[in-house]
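**Q** The structure under discussion is supplied below as structure tokens; questions concerning it will follow.
The values are calculated or read from the model by the stated rules, or taken from the named source; none is laboratory data. Keep in mind it's a predicted model, so treat the numbers as computed, not measured. Here the Cβ is made from the backbone with ideal geometry for all residues, glycine too, and neighbour counts use every protein chain on show. Only protein heavy atoms, including side chains, enter the accessible area calculation; ligands, DNA and RNA are left aside. Shrake-Rupley method; radii C 1.70, N 1.55, O 1.52, S 1.80 Å.
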Amino acid sequence: MIISIDQSTSATKALLFDDECRLVKQTSIPHRQFYPQPGWVEHDAEEIFQNTLQAISKLSLTPSETDVSIAITNQRETAVVWNRATGTPICNAVVWQCLRGKDICDNLKAAGHSQMVKEKTGLLIDPYFSASGVKWILDNVEGARQQAENGELCFGTIDAWLVFRLTGGKVHATDYTNASRTMLFNIHTLDWDDDLLDIFTIPRSMMPEAKPCDAVFGEVDARLCKAMNMPERVPVAGVLGDSHGALTGQMCFAEGYGKATYGTGSSVMVNIGGHCAAAPDGLVTSVGYAALGKTFYAFEGNIHCTGATLNWLRDQLQLINGPQEVEEIATSVDDNGGVCFVPAFSGLGAPWWNPYAKAAITGMTLATTKAHVVRAALESIAFQVTDLIRAMTEKAGIALREVRADGGPTRNAFLMQLQSDLLGVPVVRSEVEDASAFGALVMNRFALGAWKDFADAEKVWQCAATTMPLPDTAGVQKAYGGWTDAVKALCAAAKE
């Protein structure tokens, strides 16, 4: 039995898979969000750990289950700092959404460090990544800087925090994918970088050991095993960040395969192979995954508002009763009637990166109906994903082969057809509902030797639906051209 822990920004899931990789049972426990001041977001790391134990316990394992292991996938970039001896966090975790590190990042950019950081890490200097949060903690929590210099503190993203606590403090380690999102990890040498640690004033002694995703990280402390009704020896094997979990859970093992997660926002990642390349402007390069002795890299970008657009139509405009109505309404008209919907409710993310842009609906006339607006909103999801994937592939000379999609909106046949037509490649939806958790399971199987190569993993992956591009996409491309013009005009009009 494999327990895949999916620790997200809002909750902790525990998913139990049998030896045939079939989902047997799952539980989910939400945790609190703290907003101590505008722009700040925190989590209680101890609460997350206790919720993890509770979620595992709710799976109702019995001691007779002698072959049990744990895999982990997690929200990335969230920074936890804790006392090495006691295992107690010295403050709440700084969440990836938190902006408290903005001044730190602005100062580093002003000092001319942007190019060096991008060359070493593949990332842009931004408070989204962990480093500025760690520096803020050391600079602002009483006594933290001195404790860190004395070697008394540990830093880790959520995966490292869970590994440390699950192993009873015996193991302080992370994987390459989570490490690559901290802004402290050299993705070429696959090690923490002294120059980066220096500019963020973070002692190397705080850093976890970085390992491939398919490593065996340790064993769950025997006392915890007893408390959760598990066998005495439970390995923690297979760890990676959630977006990387979706990449591997969708079996995007080869160059040119990409995954698009359609959620509140959207995460798009394309496998660029074993060569680490500089990302096009507005995008980042990360370690895609590391397994079976190989490391693969990926271009990545994140879109702020996709599924949330449909929620806005429901909650704010009350044009729909729920997302299940969207396809029927959108397809009740032949086209969008010239209407473009740019959902820049919190600015525009990759590849535009314009935080000052505001949401807009353009091109309306007296002939515009509710159906035109709903269709334009739905189209905006596919248009944004297309913007991102085209930036990843065309500018970098990568031949896109297939996009594998997950998330609730993928059940919308119109959306999937539009996405396939725009990109000119098949869009494949798998039967896996929790792609990130399944990706952690994949790494677990590699780690424990149950699978010997990528082909073994692909045998358990099943396609739920494949959408092929239609031969005539002139109308689709025209609509996309209108969208592009609307975004450019919106960006030009946006002011600080």
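**Q** Of all residues in region 346-364, how many are out of contact with any Gly (no Cβ under 7 Å at 6 or more places or on another chain) and either surrounded by fewer than 16 Cβ atoms within 10 Å (Cβ to Cβ) or aliphatic (A, V, I, L, M) (or both)?
**A** 7
**Q** Further, regarding this structure: Tell me, which helices (runs of 4 or more DSSP H) lie completely within region 432-496 with 3 or more residues that are among the β-branched types (Val, Ile, Thr) and modelled with pLDDT of 90 or more? Steps first, answer last, please.
**A** Working: elements: 435-447, 454-458, 474-493.
Answer list for region 432-496: 474-493.
**Q** Hey, another quick one. Please find, among Gly258, Gly282, Gly245, the residue that is of a type in the set (Gly, Ala, Ser) and assigned to a loop (DSSP other than H, G, I, E, B).
**A** Gly282 is the lone residue from the list that is of a type in the set (Gly, Ala, Ser) and assigned to a loop (DSSP other than H, G, I, E, B).
**Q** On the basis of being at pLDDT 90 or above and surrounded by fewer than 23 Cβ atoms within 10 Å (Cβ to Cβ), does Leu422 make the cut?
**A** no
**Q** So which residues in region 460-477 are small (Gly, Ala, Ser) and farther than 17 Å from Ala413 by Cα, if there are any at all?
**A** Within region 460-477, Ala474, Gly475 meet the criteria.
**Q** Continuing with the same structure: Mind checking which pairs have a first residue in region 67-79 that is in contact (Cβ under 8 Å) with a residue 40 or more places away in the chain and within 11 Å of Tyr128 (Cβ to Cβ) and a second that is open to solvent by 10 Å² or more (accessible area, probe 1.4 Å) and outside any strand (DSSP E or B), Cβ under 6 Å, 6 or more apart or different chains?
**A** Glu77/Trp96; Glu77/Phe129; Thr78/Trp96
**Q** Which condition from (1) over 19 Å from Asn229 (Cα atoms); (2) assigned to a strand (DSSP E or B); (3) among the hydroxyl-bearing types (Ser, Thr, Tyr) is the one that Thr9 breaks?
**A** Exception for Thr9: condition (2).
**Q** Quick one: which of Thr177, Thr182, Thr189 is assigned to a loop (DSSP other than H, G, I, E, B), among the polar types (S, T, N, Q) and touching a residue at least 24 places away in the same chain (Cβ under 8 Å)?
**A** Thr182
**Q** Is at least one residue of region 466-484 in contact (Cβ under 8 Å) with a residue 60 or more places away in the chain, open to solvent by 50 Å² or more (accessible area, probe 1.4 Å) and either more than 25 Å from the chain's Cα centre (by Cα) or over 23 Å from Arg401 (Cβ atoms) (or both)?
**A** Within region 466-484 (the criterion being in contact (Cβ under 8 Å) with a residue 60 or more places away in the chain, open to solvent by 50 Å² or more (accessible area, probe 1.4 Å) and either more than 25 Å from the chain's Cα centre (by Cα) or over 23 Å from Arg401 (Cβ atoms) (or both)), the answer is yes, since at least one residue qualifies.
**Q** Would you be able to tell me the number of residues in region 338-353 that are on the phi > 0 side of the Ramachandran plot and either under 20 Å from the mean Cα position of the chain (by Cα) or of a type in the set (Val, Ile, Thr) (or both)?
**A** Within region 338-353, residues that are on the phi > 0 side of the Ramachandran plot and either under 20 Å from the mean Cα position of the chain (by Cα) or of a type in the set (Val, Ile, Thr) (or both) number 2.
**Q** Within region 451-465, which residues are among the aliphatic types (A, V, I, L, M), touching a residue at least 60 places away in the same chain (Cβ under 8 Å) and open to solvent by 40 Å² or more (accessible area, probe 1.4 Å)?
**A** Selection gives Val460 alone.
**Q** For region 207-241, which residues satisfy the criterion of being closer than 27 Å to Phe185 by Cα, among the charged types (D, E, K, R) and open to solvent by 40 Å² or more (accessible area, probe 1.4 Å)?
**A** Answer for region 207-241, where residues must be closer than 27 Å to Phe185 by Cα, among the charged types (D, E, K, R) and open to solvent by 40 Å² or more (accessible area, probe 1.4 Å): Glu209, Glu219.
**Q** May I ask you to verify whether Asp18 is within 23 Å of Met443 (Cα to Cα), of a type in the set (D, E, K, R) and open to solvent by less than 80 Å² (accessible area, probe 1.4 Å)?
**A** Taking the combined requirement at face value, the residue satisfies it.
**Q** Quick one: how many residues across region 183-206 are under 24 Å from the mean Cα position of the chain (by Cα), acidic (Asp, Glu) and open to solvent by 30 Å² or more (accessible area, probe 1.4 Å)?
**A** Selection size over region 183-206: 1.
**Q** Residues in region 31-56 that are surrounded by 15 or more Cβ atoms within 10 Å (Cβ to Cβ) and either of a type in the set (Lys, Arg) or in a helix (DSSP H, G or I) (or both): how many?
**A** Qualifying residue count, region 31-56: 11.
**Q** OK, next. Scan Ser4, Ser64, Ser28, Ser60 and give me the residue that is assigned to a strand (DSSP E or B) and open to solvent by 20 Å² or more (accessible area, probe 1.4 Å).
**A** Among Ser4, Ser64, Ser28, Ser60, only Ser28 is assigned to a strand (DSSP E or B) and open to solvent by 20 Å² or more (accessible area, probe 1.4 Å).
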